[in-house]
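Accompanying notes for the structure given below.
Read-outs throughout are calculated quantities, based only on the coordinates presented, and are distinct from any laboratory measurement. The structure displayed is predicted, hence computed values, not measured ones. Cβ atoms come from the backbone with ideal geometry, glycine included; neighbour counts cover every protein chain shown.
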Amino acid sequence: MEWLVPLVVVLGLAALAGIVWLHLETRVPRNRATANPEGALGRSGAGDEQAELSITLRYLRRRAVYFRDLADRVADPVSGARYWDIAGSLDKAANALEANQPANEPPPSASPDEPA
């Protein structure tokens, strides 16, 4: 029972040290890139927007291919038509993104899983 009081004191000091550390950590940023809100959210340059567009286009195209394959495999014609509609909507979204990209940047290259 004599160890209970020192244990409570040590735990209290550890909690106090943790609170002080968290308080100081929020006041002094560790990395200059995350010091400003724009860098923290990942908006550091124009090249990032092109990379995001490329990733989004690739994702939309892959999902369209997936739904076309699913439409071919399903036995129910109603479900197949729904999957074809979803694939068409995804292709329309990707085409709209490609059409609205900035003029000073070249269009992204075609991905290998894109239909010919």
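For Val9 and Asp76, the difference between the fully extended length at 0.36 nm per residue and the C-alpha to C-alpha distance is 17.1 nm. Sorting the segments 83-96, 6-19 by their mean number of nearby beta carbons within 10 angstrom, highest to lowest, gives 83-96, 6-19. Take the Cα of Asn100, go 7 Å toward its beta carbon, and the backbone nitrogen atoms of segment 52-76 under 14 Å from that spot belong to 53, 57. Here the simple spin-label model places points 7 Å from the Cα toward Cβ, and for Asp69 and Glu52 these points are separated by 2.9 nm. Each label point was placed 7 Å from the Cα along the Cα-to-Cβ direction; for Lys92 and Ile19 their separation is 5.8 nm.
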